[in-house]
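Below is the structure I would like to discuss, written out as structure tokens.
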Amino acid sequence: MPETYPYILGNQLDDSGLLSRFLPLIPDNLISPWIKHHLPEGAIIFDPFGASPNLVLQIARSGFQVLTCVNNPIARFLLTLKAKPPSEQDFRSALSELARCRMGEERLEIHLRNLYRTLCSQCGSLVIAEAFIWDRDSGSPQSKIYECEQCGDSGVHPVNQSDIELAGSFPATSMHRLRIIERISPQEEKVRKNLLDALSVYQPRALYGLVTLVNRLESLLVSSSHDHIDSNRKNCLIALVLFALDRGNNLWSHPSGRPRPKKLSSSPIFRENNLWLILEEAANQLPSQLEPVEISAFPDLPQKNGICVFEGPLRNLCVELESEPLANLFDIKAVITAIPRHNQAFWTLSALWAGWVWGRETLGGYKAVLLRRRYDWSWHCAALNTAFTSIKRILNQQTPLLG
């Protein structure tokens, strides 16, 4: 076995975070040894794609300044959330706040849980299912997963007629879809068609629950802006909802498989997860003990180590960096990046989720991803070539690039 390796190995891989199945697999401590050996502390490092929040944060936590271009609003949110990681108590408080929201005479928690009510196959008691398993071709649930508190029965069981009737009580041609599309793109016909296709990866019951959840989130965010509530609380609420938007779709195969989807098509056998139990899982899974990192908006650089984020296309950033004052301010010593693979599922869902949660203004130019359905290797190669051509104009010839 050789004593040295041609690749940087890193330590361990954490693939359990928010939207992690769509992000590049970057092990912990992957980049720190290399940059500490090759670059002076505090140097400015450029990540032109911002595809991996973990990579950007590893660089910053190693004592360096990072300039990164993040055009995807969801990826920007993930970077902000991880740079200022909320505690377990923060997420618990946010979950409690969502639970207390009202749906008529019911609390939101009770309302969402009851969407998945069923009967125990053993004793007939009312139970709340963890998930229903669907056959895509049959168009109805085939089995359910639950644990009965009365008799202790648990596991996967066949559905009964009442389960099928409950699942079918949410109309497939729901007005909810139209309301979501109106919020994101009220006029452009091609965008609206692609949004409708994207929404087809949600079962009618899940779509109803998610619309209800996002509506309550919007009310909380509006009240927060009036009450001057800190951004940490808002980030926790949004993170919980994004977790549900991801876990609530049909891209989760059963029992396993296709763990990193790249196309928007339902799995042949998929899980319809209980939305409230997903939120509880998120509150347990998302807290982090990592140290916070200073993060700022371009062109403001952090004082020491930290992250400067440009919101927009890479070509626009490169034009800005060619101007005299900014070229001197951003003396880039290296380019380090996770080179993205094309991912129609993540890019389309990011546009859908960002417009759904924050409104169409948040999308800006990123809405262009909704105009394209297919991203093949020829398109991707041309896009990367254009990106690297833009980057070349702002770098010294000897600037190292690590991908």
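The values are calculated or read from the model by the stated rules, or taken from the named source; none is laboratory data. Owing to the predicted nature of the structure, the values given are computational and were not obtained by experimental measurement. Note that each Cβ is placed from the backbone with ideal geometry, even for glycine, and that neighbours are counted across all protein chains shown. Only protein heavy atoms, including side chains, enter the accessible area calculation; ligands, DNA and RNA are left aside. Shrake-Rupley method; radii C 1.70, N 1.55, O 1.52, S 1.80 Å.
How big is the charge dipole of segment 104-247 about its Cα centre, in debye rounded to the nearest 20, if each Lys and Arg gets +1 on its Cβ and each Asp and Glu gets -1 on its Cβ?
Once rounded to the nearest 20, the dipole reads 420 debye.
Let me ask something additional. With a 1.4 Å probe and every protein chain left in place, work out the accessible area per residue of segment 167-284 in Å², rounded to a whole number.
For segment 167-284, the solvent-accessible area averages 42 Å² per residue.
Further question on the same structure: Ranking request for peptides 269-280, 157-168: highest mean number of other beta-carbon atoms within 10 Å first, then the rest in descending order.
The packing order, highest mean first, is 269-280, 157-168.
Three principal axis extents, largest first, for the C-alpha atoms of segment 82-159, in Å?
Cα extents, longest axis first: 43, 30, 27 Å.
When the convex hull of the Cα atoms of segment 201-293 is projected onto a plane and the area is averaged over all directions, what value comes out in nm²?
If I average the Cα hull's projected area over directions, I get 7.6 nm².
Measuring from label point to label point, each 7 Å out along Cα→Cβ, what is the Asp376 to Lys190 span in nm?
1.7
Share of antiparallel DSSP beta bridges in the chain, in percent to the nearest 5?
Taking every DSSP beta bridge within the chain, about 55 percent pair in antiparallel fashion.
Round to a whole number: what % of the accessible area of the chain belongs to carbon and sulfur, probe 1.4 Å?
Percent of accessible area from carbon and sulfur atoms in the chain: 50.
How far is helix 189-199 tilted, in degrees, relative to the longest principal axis of the Cα atoms in the chain, given as a value from 0 to 90 rounded to the nearest 10?
Taking the Cα atoms of the chain, the angle to 189-199 is about 60 degrees.
Right, another one. Helix 88-100 sits at what angle to the longest principal axis of the chain, using alpha carbons and giving 0 to 90 degrees rounded to 10?
40
Another question, if that's okay. In the chain, how does Rg compare with the Kirkwood Rh, expressed as the Rg/Rh ratio over alpha carbon atoms?
Over the Cα atoms of the chain, Rg/Rh equals 0.99.
Can you give the percent of C-alpha pairs in segment 325-394 whose distance is more than 16 Å?
More than 16 Å apart: 62 percent of the Cα pairs in segment 325-394.
With a 4.7 Å Cβ cut-off, tell me which Cys residues in the chain come up empty for a partner.
Singleton cysteines: Cys69, Cys101, Cys236, Cys308, Cys318, Cys381.
While we're on this one: Once both axes come from the Cα atoms, what is the angle between helix 275-285 and the longest principal axis of the chain, in degrees from 0 to 90, rounded to 10?
Tilt of helix 275-285: around 40 degrees.
While we're here: I'd like the Kirkwood hydrodynamic radius of segment 84-219, using the inverse of the mean 1/r over distinct C-alpha pairs, in Å.
This gives a value of 17.2 Å.
In what sequence, largest accessible area first, do Trp377, Trp347 appear using a 1.4 Å probe?
Greatest to least solvent exposure: Trp377, Trp347.
Suppose the Debye formula is applied to equal point scatterers at every Cα of segment 288-333; what is log10 I(q)/I(0) at q = 0.17, 0.18 Å⁻¹?
-0.56, -0.61
Starting at the first residue of segment 352-357, write each ³J(HN,Hα) from the Karplus equation 6.51 cos²θ - 1.76 cosθ + 1.60 with θ = phi - 60°, in whole Hz, x for Gly and Pro.
Using θ = phi - 60°, the values come out as 4, 5, 5, x, 5, 7 Hz.
Using 24 Å as the Cα-Cα cut-off, could you pick out the over-long pairs in Lys190/Lys262; Lys263/Lys392; Lys36/Lys304; Lys144/Lys263?
Lys263/Lys392; Lys144/Lys263
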